[in-house]
Amino acid sequence: MTYSEAAEYILDIPKFTKKNDARHTKLFLEYLGNPQERLKALHVAGTNGKGSVCAYLDSMLRSEGKRTGLFTSPHLVKLNERIAIDGEQISDDDFTRTFEKTMEAVRRMEAEGFAHPTFFEFLFGMAVSAFADAGVEYAVIETGLGGRKDATCAIERPLMCAITSIGLDHTEYLGDTIEKIAWEKAGIIRPGVPVLYAQTAEESDRVIENSAKEQGSFCKKIGKDAFEILGIEDKHIAFSCSSAYYGTTTWKLNNTGAYQPHNAMLAMEVMRYLFGESGHPKSWREALEELRWAGRMEEILPDVYIDGAHNVSAIEAFAQSVPQDARGNVILFSAVQDKDYRQMVRCLCSRVQAGLFVVTHISGGRGTDARALAEIFREYTEQPVIVIESVEEAFRFVLEHQGGRRVYCLGSLYLTGKIKELVQEVI
C-alpha cells in the first residue's frame, strides 16, 4: 500500500452522505482498540473559529511541554493536514501505516455485518489511533458538522469542551435559527465536563448555558469585553486582556483578522482553567505570536490574502478586518451552492471597499455558477465584476491587475485550498 493509494481510497469515500449514528462510531473505535481512552481530549465545536481555537490550544499546550495531537478539518491541500502530532503534520509513511491499521478494523467490522465508516468518521478514527500510538497526552479535537451527532462525540469523557461563535450555516442540517444551531453545537457538552464558550448573541448564549446546566457542567462565557484590540501593525493584530491573570503586556497574533483575538481569548481561558497558577502565560503569549494558521487571513504572496470565510457570519467578521483603502481592494470570490451566497455577496459589496470583483467557479459539482454569482454582485455594486471560470486563470488575472492593491480570496474553503495549492506549485 502506498500513500497515494491510501489517500485515493479515503477521498473516494462519499463526503456528503447520511451519518452513521454514535453507536457505530463507538463500535468503530472499539475495533481500533479504543485509542481515545488513552487521550486527554479537548473538544471544540462552533460555527466559525473552531480551527483557529484548536490551533491556539495546540500551540499553547506545546509551550507547556505537553505532547499534543491536533485533529481539524477540512484540509486545504493534503489530507495529512487534518492530523498533526506535536505541531507537525503526520508524515506520508505514518499516514499510510495508520490507514492500514484502520482498514484492518474496517474489514473486521464489515465481515461482521456493520457499515463502512463515513469519510469523516474514517479520518477521525485514524487520528485518534495515530495519537495513541505516538503517546500523545492532550488531543485537541475539532468537530465536523454540528456537534450533537458528530462522530467526535464518540469521545464520551473529554477533559473540557469549548464552543466558538455561533452563526447561520448548514441550516439544512442544523436548523434555520441561531437557537437551533446553538442547540446542535451544545450537543458536545458532557455530564460534569466543564465548557467555555465565546459570547455571540443572547439567543445562542442562553441555549449553551441551559445545556450546560442540564448536564451539571461548569460553564463560563468568554465575553467580548475580555480583551481590547489595540491595533494592527506589521502583519500582526495586537490586543490586551482584561484579566490581571495575563498581566499588562500586549498580546499579538500573526494574523490581521479582527475576529481572532476573541478566538485566542477562548483558547487562553481554556488553558487558564486547565493549568491555573501553574500555567505559564508568558510562554502562551510567545506561542500565539509565532503561530501561523493556514487559510485564515493568511498572506500567501505580498499583499495577497486567502481567508476561509464561507458563510454570512464569517464574511461579516472578514469585513471588519479589511482596512479601508481609497484605491479599492481586489476581491476574488466563489461559493458553494448550499450557502447563503446572496447575503455573503451583499455584505461584501456594502462593507468592503473594493475596486474590482472577480468571480470564479469551483469544480466538483458543488460550486455555484460563476455567471449567476456575478449577476448578484452587479445588483449590489457599481464596481467592475469580472467572470473567469477557471480558478487558476482567475488567480493569475487578479495578480496581473493587482496594481499595488490588496487582494483577498475568499467565499469557499475549496477556493482557499486551490489557491494555496497553486502558490505552492509556483514556489
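Out of N34, N48, I need the residue that is touching a helix residue (DSSP H, G or I) at 6+ places or on another chain (Cβ under 7 Å) and either surrounded by 20 or more Cβ atoms within 10 Å (Cβ to Cβ) or farther than 19 Å from P281 by Cα (or both). Which one?
That would be N48, the only listed residue that is touching a helix residue (DSSP H, G or I) at 6+ places or on another chain (Cβ under 7 Å) and either surrounded by 20 or more Cβ atoms within 10 Å (Cβ to Cβ) or farther than 19 Å from P281 by Cα (or both).
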Quiz item: Applying the selection to segment 404-418, what residues are under 24 Å from K15 (Cα atoms) and either part of a helix (DSSP H, G or I) or in contact with a helix residue (DSSP H, G or I) (Cβ under 7 Å, 6 or more places away or on another chain) (or both)?
Solution: L410, G411, L413, Y414, L415, T416, G417, K418
Practice problem: For N263, indicate whether it is over 22 Å from the mean Cα position of the chain (by Cα) and part of a helix (DSSP H, G or I). | Solution: no
Quiz prompt | Which numbered condition L413 misses (of (1) within 27 Å of L168 (Cβ to Cβ); (2) open to solvent by 10 Å² or more (accessible area, probe 1.4 Å); (3) modelled with pLDDT under 95; (4) out of contact with any Leu (no Cβ under 9 Å at 6 or more places or on another chain)) | solution = (4)
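When residues of segment 311-321 are filtered for being open to solvent by less than 40 Å² (accessible area, probe 1.4 Å) and either within 15 Å of K418 (Cα to Cα) or among the acidic types (D, E) (or both), how many remain?
0
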Quiz prompt | Residue match in segment 72-90 (condition: without any contact (Cβ under 8 Å) to a residue 60 or more places away in the chain, in contact with a strand residue (DSSP E or B) (Cβ under 8 Å, 6 or more places away or on another chain), farther than 26 Å from E425 by Cβ and open to solvent by 10 Å² or more (accessible area, probe 1.4 Å)) | solution = yes
Quiz item: Across segment 41-61, what is the total count of residues that are over 12 Å from M268 (Cβ atoms) and β-branched (V, I, T)?
Solution: 2
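If we scan segment 240-249, do we find a residue that is within 27 Å of R82 (Cβ to Cβ), polar (S, T, N, Q) and at pLDDT 95 or above?
Scanning segment 240-249 turns up no residue that is within 27 Å of R82 (Cβ to Cβ), polar (S, T, N, Q) and at pLDDT 95 or above.
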Exercise. Would you check which residues across segment 331-370 are more than 25 Å from G403 (Cβ to Cβ) and among the charged types (D, E, K, R) and list them?
Key: D338, K339, D340, R342, R346, R366, D369
Practice problem: Name the helices (runs of 4 or more DSSP H) wholly inside segment 151-237 in which the number of residues that are crowded, with 21+ Cβ neighbours inside 10 Å and in contact with a Pro (Cβ under 9 Å, 6 or more places away or on another chain) is 1 or more. | Solution: 202-215
Exercise. Could you tell me which residue of segment 380-391 is surrounded by the most Cβ atoms within 10 Å (Cβ to Cβ), considering only residues that are in contact (Cβ under 8 Å) with a residue 24 or more places away in the chain and either among the acidic types (D, E) or under 20 Å from D325 (Cα atoms) (or both)?
Key: V385
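One line per residue, one yes/no per condition, for (1) part of a helix (DSSP H, G or I); (2) open to solvent by less than 20 Å² (accessible area, probe 1.4 Å):
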| residue | (1), (2) |
| --- | --- |
| F357 | no, yes |
| H361 | no, no |
| R371 | yes, no |
| A374 | yes, yes |
| F377 | yes, yes |
| A394 | yes, yes |
| F397 | yes, no |
| Q402 | no, no |
| K420 | yes, no |
Quiz item: Can you name every residue in segment 314-341 that is assigned to a helix (DSSP H, G or I) and farther than 11 Å from T368 by Cα?
Solution: A314, I315, E316, A317, F318, A319, Q320, S321
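Residue-wise test of (1) among the hydrophobic types (A, V, I, L, M, F, W, C); (2) out of contact with any Asp or Glu (no Cβ under 7 Å at 6 or more places or on another chain); (3) farther than 21 Å from D150 by Cα.
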position	(1), (2), (3)
K180	no, yes, no
G187	no, yes, no
V193	yes, yes, no
S217	no, yes, no
K224	no, yes, yes
T250	no, yes, yes
N254	no, no, yes
Q260	no, yes, yes
Quiz prompt | Flag if W293 is at pLDDT 95 or above, in contact with a helix residue (DSSP H, G or I) (Cβ under 9 Å, 6 or more places away or on another chain), within 29 Å of L42 (Cβ to Cβ) and aromatic (F, W, Y) | solution = no
Practice problem: Note down all Cβ pairs under 8 Å where the first residue falls in segment 217-233 and is of a type in the set (D, E), the second is surrounded by fewer than 13 Cβ atoms within 10 Å (Cβ to Cβ) and at pLDDT below 95, and they're at least six residues apart or on different chains. | Solution: D225/S242; E228/S242
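For every residue, the table says whether it meets (1) out of contact with any Ser or Thr (no Cβ under 8 Å at 6 or more places or on another chain); (2) within 16 Å of A294 (Cα to Cα); (3) of a type in the set (K, R); (4) modelled with pLDDT under 95.
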| position | (1), (2), (3), (4) |
| --- | --- |
| N20 | no, no, no, yes |
| L27 | yes, no, no, no |
| K50 | no, yes, yes, yes |
| S73 | yes, yes, no, yes |
| E81 | no, yes, no, no |
| D93 | yes, no, no, no |
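The values are calculated or read from the model by the stated rules, or taken from the named source; none is laboratory data. Since the model is a prediction, treat every value here as computed from it, not as a measurement. All Cβ positions, glycine included, derive from the backbone under ideal geometry; neighbour counts span all protein chains shown. Just the protein is used for accessible areas: all its heavy atoms, side chains included, with ligands, DNA and RNA removed. Shrake-Rupley method; radii C 1.70, N 1.55, O 1.52, S 1.80 Å.
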